[in-house]
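Below you'll find the structure I mean.
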Amino acid sequence: MSECPLHLHCESIEDELHMRLETQMLGAEGARQINEAIKDALDMDGKGASTTPNVVRVDLAQVSGMGSAAIGAFIVLHKSLDAKACRLELDNPNKSIREALEFLKLDRVLTITSRQ
């Protein structure tokens, strides 16, 4: 399956950054866009005075599939956020994405929640 256009919606709520993703297939280009959007929102490059939230919540409810590049990007993002005492949460993955993350044992590293 080829990668589809990605729509990102970011919102800061108290001490959390909420990011809602809308795409059929999340691949390498989508992963790059997510990382850039989060870096911009958190100013992880140190270009300005930004406050890091306690949680970055990524809502996957509108994502049908996820490639290995996107999974790898979430692992890298988790590590960089963890170094800033910030937790990455993947919310509302569909059954196949959740099963893939559990098969890879990433549910032991990443916080995966269902809020719907």
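Inspect region 25-45 for any residue being in contact with a Ser or Thr (Cβ under 7 Å, 6 or more places away or on another chain) and at pLDDT 85 or above and give the result as yes or no.
yes
Starting from region 91-116, keep only residues that are in a loop (DSSP other than H, G, I, E, B), then list their pairs with residues that are loosely packed, with under 13 Cβ neighbours inside 10 Å and at pLDDT below 95 whose Cβ atoms are within a distance under 7 Å, requiring at least 6 positions of separation or different chains.
Listed by first residue and then by second, the contacts come to Asn92/Ser114; Asn92/Arg115; Asn92/Gln116.
Which ones in region 78-103 are hydrophobic (A, V, I, L, M, F, W, C) and under 14 Å from the mean Cα position of the chain (by Cα)?
Our first condition is that a residue be hydrophobic (A, V, I, L, M, F, W, C); within region 78-103, this holds for 81, 83, 85-86, 88, 90, 97, 100-101, 103.
The answer is Leu81, Cys86, Leu88, Leu90, Ile97, Leu101.
Shifting gears a bit: For region 55-79, name all the residues that are in contact with a Lys or Arg (Cβ under 9 Å, 6 or more places away or on another chain) and surrounded by fewer than 18 Cβ atoms within 10 Å (Cβ to Cβ).
Listed by number, the residues that qualify are Val55, Ala61, Gln62, Ala69.
Among the residues of region 60-90, count how many are within 18 Å of Ala31 (Cβ to Cβ) and either assigned to a loop (DSSP other than H, G, I, E, B) or touching a residue at least 60 places away in the same chain (Cβ under 8 Å) (or both).
Result for region 60-90: 2.
The values are calculated or read from the model by the stated rules, or taken from the named source; none is laboratory data. Bear in mind that the values here come from a model prediction, so they are computed numbers and not experimental data. Every residue, glycine among them, receives a Cβ derived from its backbone with ideal geometry; neighbour counts consider all protein chains shown.
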